[in-house]
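Chemist: Here you go, one structure.
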Amino acid sequence: MTKGPSKTASALKRQWPLALLLVLLFTALAWAYLAPGPAAVGLAAQVDASLTASGVSSRVTAVLLNFRAYDTLLECFVIFLGVMVVWSLRPTTVTAPRQPQAGAILSSLERLLVPLMVLVAGYLLWAGSNQAGGAFQAGAILGGAGVLLLLDSSPLLARLPKGGLVWGICLGPFYFLVVAVAAMLRGRHFLEYRAPEATLAIVTLEATAAFSIGLCLATLFAGRQPQGKSRGENSAHSPAWEEDS
Amino acid sequence: MTMLSPSLIYGLTGLLLFVMGLAGLLGCAELLRKILATNIMASGIFLFLITIAHGSGTLIDPVPQAMVLTGIVVSVSSTAVALALACHVQEAARRHDLLQKKRGTVRR
């Protein structure tokens, strides 16, 4: 499948207008970035001024889960939607090449790293209230742990309850929604929570969001809805294109 | 001319990555390359946003940082969706090729 030098050269010849346009675009962007203009006004001052009302002392966490919590709520649902899209697609015959036998290195690495990753994710979650860290970082690390388990097709995964995955994925986004609506029931705006009770709300939101994000990322890596063994084997033996023709 | 400070280098690198990703997105025919190119574009934008969050003042703006943090996770999930769809496209193309081949032998 490698392209010969002549083919590459002709492709380059064909694409020179695109290259020219992109060089122009970069020049324009760089000029816009470097050109002297009025100093950028960030929101750092406003965030600092109302940090005490947010319930946490980390600025980024305050922005994520209090000041702009609506964005974060939507982003949790975007990830949730990604999982739903992947699950609703029919399984294809085009998948990763057949997995090699899980080696001793992978399984011992998994045994060493997964508990450590869970620990680090917990620490990041806890640290998020007053320094760098939080739900998204913890979720990413949990997702990595899940990927490691999936690579080894670990027996741990087979022991997980079947419905638990769906509940775990729904937990984060829908708990967020519940907290948001609960604020309305108390006579406030959607997602409005303030200092005394905000800390509890943010910490629980972060914990559930991190759990669900980690599960979602690992599920996305798996690429399809987990099925019973017999069904999975059947679909592997009869490629879809044979059924159609 | 302004001095080439580290934040300037980061900002220009971010812009360069964005344009390189755009080149891959527009110039490559293969879907996998296009998906990778959008990822590179997103990385460039993240780098740029983080750089302008530092700005010129001493205060670091947390809002772009929060945007990047969520953006990374969202880009991972959108990449996963794109890859799942690309698998379907490849399967459909393969099925189409097979059908064409079959018809060709019937005609002969």
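Chemist: With only Lys, Arg, Asp and Glu charged, each at its Cβ (+1 for the first two, -1 for the last two), find how big the charge dipole of the stretch B:6-107 is about the Cα centre; round to the nearest 20 debye.
Modeler: Dipole about the Cα centre, nearest 20: 860 debye.
Chemist: Using the Cα atoms of chain B, I'd like the radius of gyration and the largest Cα-Cα distance, Dmax, both in angstrom.
Modeler: Considering chain B through its Cα atoms, Rg and Dmax are 20.8, 77 Å.
Chemist: Would you mind counting up the charge near A:ALA104? Only other residues with Cβ under 15 Å from its Cβ, with Lys and Arg at +1 and Asp and Glu at -1.
Modeler: Net of charged neighbours comes to -1.
Chemist: Over the whole of B:80-91, what's the average partner chain Cβ count within 10 Å per residue? Rounded to a whole number, please.
Modeler: 6
Chemist: Now for a separate question. Let me know the mean shielding of A:73-82 by other chains, meaning the per-residue number of their Cβ atoms within 10 Å of its Cβ.
Modeler: 4
Chemist: Let me ask something else about it. Quick one: with all protein chains in place, what share of the accessible area of the stretch B:1-75 is carbon or sulfur, to the nearest percent (1.4 Å probe)?
Modeler: Roughly 77 percent, rounded to a whole number.
Chemist: Continuing with the same structure: In square angstrom, rounded to the nearest 10, how much accessible surface does A:PHE221 have for a 1.4 Å probe?
Modeler: For A:PHE221, solvent-accessible area is about 110 Å².
Chemist: How many Cβ atoms of partner chains, on average, are near each residue of A:25-36 if near means within 10 Å of its Cβ?
Modeler: On the way: counts 5, 8, 2, 1, 8, 6, 0, 1, 8, 6, 0, 1.
Neighbouring Cβ atoms belonging to other protein chains average 4 per residue here.
Chemist: Mind grabbing the interface size between B and A? I mean buried accessible area, both sides, 1.4 Å probe, in Å² to the nearest hundred.
Modeler: 3800
Chemist: How many nm is it between the label spots at A:MET84 and B:SER5, if each spot is 7 Å from the Cα in line with the beta carbon?
Modeler: Once both label points are built, they end up 4.6 nm from each other.
The values are calculated or read from the model by the stated rules, or taken from the named source; none is laboratory data. Not measured: the values here are computed from a predicted model. Note that we place each Cβ from the backbone using ideal geometry, even for glycine, and neighbour counts take in every protein chain shown. In case anyone asks, the SASA skips ligands and DNA or RNA and just uses the protein heavy atoms, side chains included. Shrake-Rupley method; radii C 1.70, N 1.55, O 1.52, S 1.80 Å.
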